[in-house]
Amino acid sequence: MEFRVATVTDVPAVLALLADDAITRERGYGEVPTGLEPTIRAAFEAIEADPNNELIVAVEDGVVVGSCQLTWIPGLSRGGGWRLLVEAVRIHAGRRGHGLGAEMMRWAIERARQRGCRMVQLTTDKRRTGAHRFYERLGFVASHEGMKLTL
């Protein structure tokens, strides 16, 4: 398994991973664009240009089978410590249950250590009880209640 920063040619595969999810479809994001629409291209270019953002892909035999976005956040709390925010974690449906997600998360956690982070944080939908158990097995603790406001 190879983990690397995504290139623009990986974006369609990442979009397919994001769309292959019942909760995502409920939110109205189930259609995979046929091309790189201007808003998608602009989002990717912003991620790519920002040294505190990385779109990561997990590649197996030349095929993108997993993805997540890593965002490094500076802060004054915790003595000025940096934290890593992990978002949009996805593993191809046919590859789930084989340890790939855990391997990708351990890789991301190691990236956080390498950059001197004091914390790794993430949010997960309350309905994703299997994901909660997965993250708990990796050592994550549900210590805070998250809130979001969709605009």
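Across the chain, the volume of the C-alpha convex hull divided among the residues equals 134 Å³ per residue. Excluding ligands, DNA and RNA, the accessible surface per residue across the range 83-129 is 57 Å² with a 1.4 Å probe. Between I73 and E103, the contour length at 0.36 nm per residue exceeds the Cα-Cα span by 8.5 nm. The string of couplings for the range 12-25 from the Karplus curve (6.51, -1.76, 1.60, θ = phi - 60°) is x, 5, 5, 4, 5, 5, 5, 6, 7, 7, 4, 5, 4, 5 Hz, one whole number per residue in order, with x for Gly and Pro. Distant-in-sequence amide contacts of G66, defined by a placed amide H-H separation under 5 Å and a gap of 5 or more residues or a different chain, comprise A58, H92.
Computed from label points 7 Å out along Cα-Cβ, the spacing between D20 and A43 is 1.8 nm. Taking every DSSP helix (H) stretch of at least 4 residues in the chain, weighting each as -39,500 (n - 2.57) and dividing the sum by the residue count yields a mean residue ellipticity at 222 nm of -10000 deg cm²/dmol.
Quick one: net charge of R111's neighbours, Cβ under 12 Å, K/R +1, D/E -1? Its environment carries a net charge of +2. A Gaussian network model of the chain, with springs between Cα atoms under 10 Å, assigns the largest mean-square fluctuation among R96, R113, R27 to R27. Summarising the overall dimensions of the range 14-98 from its C-alpha atoms, the Rg and Dmax are 15.0, 46 angstrom. Over all other residues within a Cβ to Cβ distance under 13 Å of A43, the charged ones net out to -4, with Lys and Arg as +1 and Asp and Glu as -1.
The values are calculated or read from the model by the stated rules, or taken from the named source; none is laboratory data. Source: prediction; values computed, not measured. Backbone-built Cβ (ideal geometry, glycine too); neighbour counts: all protein chains shown. Note: areas computed on protein heavy atoms with side chains; ligands, DNA, RNA excluded. Shrake-Rupley method; radii C 1.70, N 1.55, O 1.52, S 1.80 Å.
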